[in-house]
Amino acid sequence: MNIWGINHDPDEFENPEAFDPTRYLRNRNGSKDSFSEGLEEGDSNHLRRQIWTFGAGRRVCVGQNMALRSLLLTMAKVVWCFDIEPASPEGVDTSIAAFETGMVAAPKPFKVNFRVRGEDRKRIIESEWVKADEYLRRFE
């Protein structure tokens, strides 16, 4: 299935080439406003899939829910702990040219700075590091 084509369909998404996470604040599917109508239970749009990245049909990834929840937890912890800022005044390129092409698209390397959001969070990070290190040493 052409996941890239599905996720970049201009009939489905307003300005599909732009990085715009706020589109999901306007509509749970991130699609054009016309598609947000009728997301009530019982309407055909209610069952629309939000993402196709994990495939579809009998070959759909069985671990997609675990992957999405793990990613959500990880990202929530990162933004709780750190301020993330571009390393250069030009910012981070989020255009289509900033991605590698291939079977799976991935961003080209880019530089950002991570700054801990205070001493209290720094202590928590260090404490959790020690706990994780002690636990993982058992598997060496």
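The values are calculated or read from the model by the stated rules, or taken from the named source; none is laboratory data. These numbers were taken from a predicted model, which means no experiment stands behind them. Neighbour counts run over all protein chains shown; Cβ positions are idealised from the backbone, glycine included.
Scanning region 95-112 for residues that are part of a loop (DSSP other than H, G, I, E, B) and either assigned by TED's automatic domain parsing to the domain that holds Met1 or among the aliphatic types (A, V, I, L, M) (or both) gives Met103, Val104, Ala105.
Reported count of residues in region 107-125, each being surrounded by 10 or more Cβ atoms within 10 Å (Cβ to Cβ) and over 14 Å from Trp80 (Cα atoms), is 4. Kindly check whether there is at least one residue in region 71-83 that is modelled with pLDDT under 90, out of contact with any Pro (no Cβ under 8 Å at 6 or more places or on another chain) and either of a type in the set (Lys, Arg) or closer than 29 Å to Lys122 by Cβ (or both). For region 71-83, residues modelled with pLDDT under 90, out of contact with any Pro (no Cβ under 8 Å at 6 or more places or on another chain) and either of a type in the set (Lys, Arg) or closer than 29 Å to Lys122 by Cβ (or both): absent. In region 68-83, the residues that are touching a residue at least 40 places away in the same chain (Cβ under 8 Å) and under 23 Å from Lys111 (Cβ atoms) never reach a residue that is of a type outside the set (Ser, Thr, Tyr) and surrounded by fewer than 10 Cβ atoms within 10 Å (Cβ to Cβ) with C-beta atoms less than 7 angstrom apart, at least six apart or across chains.
The criterion of at least 2 residues that are modelled with pLDDT under 80 and among the polar types (S, T, N, Q) is met by the following helices (runs of 4 or more DSSP H) wholly inside region 1-69: 33-36. I'd like to check something: does region 113-131 contain any residue that is outside any helix (DSSP H, G or I), more than 26 Å from Asp9 (Cα to Cα) and among the basic types (Lys, Arg)? Yes, region 113-131 contains at least one residue that is outside any helix (DSSP H, G or I), more than 26 Å from Asp9 (Cα to Cα) and among the basic types (Lys, Arg).
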